[in-house]
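K.L.:
Shown below is the structure under consideration.
Please treat every number below as a calculation from the coordinates, not as lab data. Given the structure is predicted, the values throughout are model-derived calculations rather than measurements. Here Cβ is always computed from backbone atoms with ideal geometry, including for glycine, and neighbour counts include all displayed protein chains.
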Amino acid sequence: MRFLLSLIFLVSVAAGPALSDSITDREGWQVVPTSKQYQTLVDDLKAAIKAEKMLLVTQASASAGAKGRGLTIPGNRVMGVYRNDYAIRMLEASVAAGIEAPIRFYVTENSDGTATLSWKTPGFVFAPYMEEGGDALAELANELDAVFQTIADKAVASQ
């Protein structure tokens, strides 16, 4: 039995990871399927971030890493977005909330070639710190909810 499990594992690793096709709605998330191609949505998201005077401070892509290893998986990119004035206000309200910055967008490629834009809302991300952060953190989260929604709206707008 152990040999069989090892063989199944080796075959699955050699074939590359099997990934789910789409992100589904879950508590605290916004999920927006689009008709855009993956790279187009990534590029449009970058432009929308810049247009809202926010900064793209981190990026990670398992699909880019897999490509470097000779594997092909659907496109995905996590993009961390923030700005220093928001960071200072956040830290003034709750130092512990600093672990959550930057707040991230997630672009995923679907099997039909389209892409989905997802993110946890800032209000949801900062919810565990609201008791300590009080009104200042709640106000910041509300502002950021609007900023992130505007960025998303611009990114997914028709081509």
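K.L.:
Conditions: (1) part of a helix (DSSP H, G or I); (2) under 17 Å from residue 33 (Cα atoms). Residue 50 meets all but one. Number of the miss?
P.N.:
Single failed check for residue 50: (2).
K.L.:
Testing residue 111 on (1) touching an Asp or Glu at 6+ places or on another chain (Cβ under 8 Å); (2) free of Cβ contacts under 8 Å to residues at least 60 places away in the same chain, one condition comes back false. Which one is that?
P.N.:
Residue 111 satisfies all of (1) touching an Asp or Glu at 6+ places or on another chain (Cβ under 8 Å); (2) free of Cβ contacts under 8 Å to residues at least 60 places away in the same chain except (2).
K.L.:
Quick one: which residue in 129, 106 is aromatic (Phe, Trp, Tyr) and touching a strand residue (DSSP E or B) at 6+ places or on another chain (Cβ under 6 Å)?
P.N.:
Values: 129 fails: touching a strand residue (DSSP E or B) at 6+ places or on another chain (Cβ under 6 Å).
None of the other options fit; the residue is 106.
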